[in-house]
Amino acid sequence: EVRPAVAMLLRSQDVDRVRLGIDAARRHRLDSLVEEIVGVALSRTWPSEVRAEAVLSAGALGAGADVLEGLLDADGTQVRESAAAALVRARGDGQDVRRVEDLLADHECRTAALHAVAALPSALNVPALVRMSRSGVRLPGLADALASHAAFLEQPAADALDDPEQGRAATLLAQALRTSPSPGVDDVLLGHVAHPDLGVRATVVDIGKN
């Protein structure tokens, strides 16, 4: 049986064996070893990257939201970021929207959460992403997250474009909207060729050339 051998790897004092154990538990879907994997994630004995791998494996194997939320307070930025990403991935569509919004608002976790959200587009994420675009803060990963949600952005982008005070948000949303397959996108963008914001005008003119 695979489980006892993997459990021994996870209890090893050798970092390479522990890493093998984390990978094997995930590959063989050994959800009964989640507790041991979480123990690795919490242990300061191991390098941050190994602990971060453990967090992602625990999430993939079905660790509960309470367990993953506990890891948001663990030592090590990589560990906390992995917990944020695992929480986003663990959310079923239509569930735990507030948790994802909280992660996107968390200064330490939001970059990891943005990357995870970009990989899992959902209309449920749009309000939080639009708020972030309006914050005026340049956030790594926001443009990619918006682009992956382009199919849901036609109305939010139109609203931002109609507000001359939302130049930065309008530019971000317009750039993301360019990738949407919706036939109404060109009408939304080309209706703002005289927008007061240079970034918006550049995006709209670029659309017009295509």
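The values are calculated or read from the model by the stated rules, or taken from the named source; none is laboratory data. Quick caveat, the model's predicted, so the values are computed rather than measured. Using ideal geometry, Cβ is built from the backbone for each residue, glycine included, and neighbour counts are taken over all protein chains shown. The accessibility values were calculated without ligands, DNA or RNA, using every heavy atom of the protein model including side chains. Shrake-Rupley method; radii C 1.70, N 1.55, O 1.52, S 1.80 Å.
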Only residues in segment 1-19 that are farther than 19 Å from Leu56 by Cβ count as the first member; pair them with residues that are open to solvent by 60 Å² or more (accessible area, probe 1.4 Å) and modelled with pLDDT under 95, Cβ under 9 angstrom, at least 6 apart or cross-chain, and list the lot.
-> Gln13/Thr45
Only one residue in Ser32, Ser12 is assigned to a loop (DSSP other than H, G, I, E, B) and more than 25 Å from the chain's Cα centre (by Cα), so which one is that?
-> Ser12
Does Gly136 qualify as being at pLDDT below 85 and either surrounded by fewer than 18 Cβ atoms within 10 Å (Cβ to Cβ) or under 30 Å from Val40 (Cβ atoms) (or both)?
-> yes
So how many residues does segment 30-86 have that are β-branched (Val, Ile, Thr) and exposed (fewer than 15 other Cβ atoms within 10 Å of the Cβ)?
-> 2
Which residue out of Ala86, Ala123, Ala128, Ala116 is under 20 Å from Ser48 (Cβ atoms) and at pLDDT 85 or above?
-> Ala86
When Thr179 is evaluated against the numbered criteria (1) modelled with pLDDT of 85 or more; (2) open to solvent by 80 Å² or more (accessible area, probe 1.4 Å); (3) β-branched (Val, Ile, Thr), which criterion, by number, is the only one it fails?
-> (1)
In this structure, does Ala7 turn out to be open to solvent by less than 30 Å² (accessible area, probe 1.4 Å), hydrophobic (A, V, I, L, M, F, W, C) and in contact with a helix residue (DSSP H, G or I) (Cβ under 9 Å, 6 or more places away or on another chain)?
-> yes
